[in-house]
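Colleague: Got a structure for you, questions after.
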Protein chains: 2
Amino acid sequence: MLTRSEEDHIKAVYVLVQEGDKAFTKDLADRLRTKASSVTDMLKKLAEKGYLKHEPYYGAKLTAKGQALALQLVRKHRLWETFLVERLGFGWDEVHEVAEQLEHVASEQLINQLDAYLGHPAFDPHGDPIPDRNGRIRARRTRRLDVSVAGDTVRIVAVSETTDGLLRLLDAKGLRIGSTLAIQEVHAFDGSMDVKPKNGAAFSLSKDVSHHLQVESIQP
Amino acid sequence: MLTRSEEDHIKAVYVLVQEGDKAFTKDLADRLRTKASSVTDMLKKLAEKGYLKHEPYYGAKLTAKGQALALQLVRKHRLWETFLVERLGFGWDEVHEVAEQLEHVASEQLINQLDAYLGHPAFDPHGDPIPDRNGRIRARRTRRLDVSVAGDTVRIVAVSETTDGLLRLLDAKGLRIGSTLAIQEVHAFDGSMDVKPKNGAAFSLSKDVSHHLQVESIQP
DNA sequence: TACAAATATTAGACATGTCTAATAAATCGA
DNA sequence: TCGATTTATTAGACATGTCTAATATTTGTA
């Protein structure tokens, strides 16, 4: 049985490895709101327990065992987020903190029955894929909005960064999973782009925002 | 913010005070599967924090503050049990351990929206009353089955002890909340009683069992 | 009522996870 | 490529919650 802190560290390594290809001590410390020395201690311990490889000064990577565990945590997190939004009526920007707690409740039966209750959803309210009970993730051909070009028409399928600030900004602009955008112009100067939603006036999105939106192409 | 262990101790004091009028160190230790010395330490700490009064050698009692907290824990526990049984299809004898974990998830919004989602239930699947958000419990005129007499007809409204063993025994006999029993005979020798369910053959219940069943009288 | 048994507390050890400060290694820029 | 900066690790302290063993108190019974 792992502690909450151990699970949090494993999941943080998983998330950071998605982005770069290693998870570094400082990034882990920032994400976990702790200190680098504490992270080093924990990495050493988790390496001993076989959940990850820790190369001092060169970051950490999950083993197959750690990967499997991280996927279960991600699965639990996203299923709970789905439950909170779809059944309890939470806003999609209100669920993260609560799901963070719920994902540590240990019960195979609970999570599998929750999954069934929700109809085995493949994506959560942020558009992120939900691993199945074997840890498999359904693939989608998506890219970041900031690599799209003028003339594209796209549908938002995921938000890759879930800070409250970003989620509220999207909410304020009326953007959500499934929203359709026509890209009118991309400004090379700052990477900002002018976009027009299906039913509404055009507005501008900074690169900081478009960078975190996953989209798929659709017919205009 | 209290730790899980602190919350567990407060709830255990609450439960034991329901039965006797004080909670004693040894009983707390047994219930919490820990040692008496650990309980003493914790009682001292919780007394300092104002959740209970601890009279060394004479047990512990909750303060108003501790009582309020215990009632919130009971509320959360019973709402989650209701959710697990009514929505996720758990058996009523499978929910305790999971609810024990879920009750420590901290979010006012979560528990209030869960309450609304379930339709503000007043009783959980074991028939125990669910405190409302202010900690108020709806009263019922009930008594234990073992103080009933031959000739009574009663409905089971609660099971006061929730060990797996008892719950499974009840399940095997087809007894559940809402079951109706006609009491045919009570044996003074061992306190056992012969009872007959509405649609089924009569059988015997030992005092160990009938002691834990809360019933209300109904017209035969 | 006095002593044995049961229960409770205290003292001290230990495991865990966290931190700060000191030290070490890697990286970046002139 | 060298020194400054950033990042990482180690060493040691500390808080928390647990335990065992020793001691103290209460309770039950002859």
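The values are calculated or read from the model by the stated rules, or taken from the named source; none is laboratory data. Since the model is a prediction, treat every value here as computed from it, not as a measurement. Because the Cβ atoms are built from the backbone with ideal geometry, glycine has one as well, and the counts that use them run over all protein chains shown.
Colleague: Could you list all residues from the stretch B:16-41 that are free of Cβ contacts under 8 Å to residues at least 40 places away in the same chain and of a type in the set (V, I, T)?
Modeller: Listed by number, the residues that qualify are B:T25, B:T34, B:V39, B:T40.
Colleague: On to the next question. Which one of these is at pLDDT 90 or above and charged (D, E, K, R): A:R136, A:R143?
Modeller: Result: A:R136 is the single residue among A:R136, A:R143 that is at pLDDT 90 or above and charged (D, E, K, R).
Colleague: Specify which of the listed residues (A:E108, A:E19) is within 23 Å of A:A158 (Cβ to Cβ) and away from DNA strand C (no atom under 14 Å from the Cβ).
Modeller: A:E19
Colleague: Output the residues belonging to the stretch A:23-48 that are under 23 Å from A:H77 (Cβ atoms) and near DNA strand C (Cβ under 10 Å from one of its atoms).
Modeller: Selection gives A:F24, A:A29, A:L32, A:R33, A:T34, A:S38, A:V39, A:M42, A:K45, A:L46.
Colleague: A further question on this structure: Just for the stretch A:16-30: of the residues that are more than 12 Å from DNA strand D (Cβ to nearest atom) and surrounded by fewer than 16 Cβ atoms within 10 Å (Cβ to Cβ), which one is nearest to the other protein chains (Cβ to nearest Cβ)?
Modeller: Across the stretch A:16-30, the extreme among qualifying residues is A:Q18.
Colleague: Also, I was wondering about something else. Taking the stretch B:193-220, which residues are farther than 17 Å from B:D171 by Cβ, touching a residue at least 40 places away in the same chain (Cβ under 8 Å) and aliphatic (A, V, I, L, M)?
Modeller: B:M193, B:V215, B:I218
Colleague: How about the stretch A:48-79: which of its residues are in a helix (DSSP H, G or I) and farther than 15 Å from A:R4 by Cβ?
Modeller: Of everything in the stretch A:48-79, those that are in a helix (DSSP H, G or I) and farther than 15 Å from A:R4 by Cβ turn out to be A:E48, A:A64, A:K65, A:G66, A:Q67, A:A68, A:L71, A:V74, A:R75, A:R78, A:L79.
Colleague: Just checking, which of B:L52, B:L69 is more than 12 Å from DNA strand C (Cβ to nearest atom) and crowded, with 17+ Cβ neighbours inside 10 Å?
Modeller: Of B:L52, B:L69, the one residue that is more than 12 Å from DNA strand C (Cβ to nearest atom) and crowded, with 17+ Cβ neighbours inside 10 Å is B:L69.
Colleague: So, one more: Select from the stretch B:1-15 the residues that are within 10 Å of DNA strand D (Cβ to nearest atom) and among the hydroxyl-bearing types (S, T, Y) and write down the one among them that is nearest to the other protein chains (Cβ to nearest Cβ).
Modeller: It comes out as B:T3.
Colleague: Can I ask one more? Does B:L84 meet the test of being within 14 Å of chain A (Cβ to nearest Cβ) and either at pLDDT 95 or above or surrounded by 19 or more Cβ atoms within 10 Å (Cβ to Cβ) (or both)?
Modeller: Answer is yes for this residue.
Colleague: Right, another one. Inspect all residues belonging to the stretch A:31-47 and state whether any of them is part of a loop (DSSP other than H, G, I, E, B), away from chain B (no Cβ under 14 Å) and either within 13 Å of DNA strand D (Cβ to nearest atom) or under 17 Å from the mean Cα position of the chain (by Cα) (or both).
Modeller: Yes.
Colleague: Would you please name the residue that is nearest to the other protein chains (Cβ to nearest Cβ), looking only at residues in the stretch B:67-81 that are farther than 19 Å from B:G127 by Cβ and either among the basic types (K, R) or in contact with a Gly (Cβ under 8 Å, 6 or more places away or on another chain) (or both)?
Modeller: Selected residue: B:Q72.
Colleague: Of the numbered conditions (1) small (G, A, S); (2) more than 13 Å from DNA strand C (Cβ to nearest atom); (3) at pLDDT 95 or above, A:S5 fails exactly one; give the number of that condition.
Modeller: All conditions pass for A:S5, except number (2).
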